[in-house]
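Asks: Got a structure here, written out as structure tokens. Questions coming.
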Amino acid sequence: MSTDATRSMSQARPPRALHRRPRILFVAQDDGSYSQIAKAYMREIGPDVVEVSSAGLRTSSLDPQVAAVMAEDGCDIRRETPRLVSREVLTWADLVVTLAPNGQRVGVGIPGSAHHKHWRLRHGLPHPPVEDLTPYRACRDEIKRRVDQTVHNIRLFRGH
């Protein structure tokens, strides 16, 4: 192989920092629903590809309806403990993904070392909660598709 071709290939490799799994933090208004769904699916779909965590801007408990629809899809999140976003967890992340329905935004200060992506969810969760699980399933499925696409893109970028 020529020196020029070798140099071109070495320049196309990802930076050294990308040789570890990227760290993704999912953040929502609270950490009891959207971000928990995303974290659970990221752990299920991409455990070899990313490290993942979640947090919320305010305290909450895990939404029991969310836990129910996740269990339907084989993900047991009942033991997850929602937590507040902190400077420490934001600094830990390489990518901060904020999640909110209907054009709402999640106001969190993203450190300069992290990238940011906002997932505007078409399927929000009802407030107050309702017994009908249909809207919860729609939200779950939308987030699962986005997580799957994210893992797929990371695998392509990393050559897996």
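Asks: Under the rule of -39500 (n - 2.57) per DSSP H run of 4 or more residues, summed and divided by the residues of the chain, what mean residue ellipticity at 222 nm is obtained, to the nearest 500 deg cm²/dmol? Show your work: numbers first, answer last.
Replies: Values: 5 runs with 62 residues, N = 160.
Result for the chain: -12000 deg cm²/dmol, rounded to the nearest 500.
Asks: Just to be sure I understand the curve: with the Debye formula and one point per C-alpha of the chain, what is log10 I(q)/I(0) at q = 0.09, 0.13 Å⁻¹?
Replies: Here the Debye-derived log intensity ratios amount to -0.32, -0.61.
Asks: Once the dipole of the chain is set up with Lys and Arg at +1 and Asp and Glu at -1 on Cβ about the Cα centre, which of S33, L156, Q65 lies farthest towards its positive end?
Replies: In the chain, that residue is L156.
Asks: Oh, and also: Quick one: net charge of Q29's neighbours, Cβ under 11 Å, K/R +1, D/E -1?
Replies: Working: positive: R58, R105; negative: D30, D31.
That sum, taken over residues with Cβ under 11 Å, equals 0.
Asks: Once Lys and Arg get +1 and Asp and Glu get -1 on their Cβ, which of L125, L84, H19 lies farthest toward the positive end of the dipole of the chain?
Replies: H19
Asks: So, one more: Cut-off 17 Å, label point 7 angstrom out along Cα-to-Cβ of L133: give me the residues of the stretch 68-108 whose amide nitrogen falls inside.
Replies: Output list for this probe position: 68-79.
Asks: If we sort 108-118, 37-47 on the protection proxy, mean other Cβ atoms within 10 Å, highest first, what's the order?
Replies: Values: 108-118: 12.1, 37-47: 21.7.
Highest mean packing first, the order is 37-47, 108-118.
Readers should treat all values here as calculations from the given coordinates under stated rules, not as data from a laboratory. All values reported here derive from a predicted model rather than from experimental measurement. Note: ideal-geometry Cβ built from the backbone for every residue, glycine included; neighbour counts use all protein chains shown.
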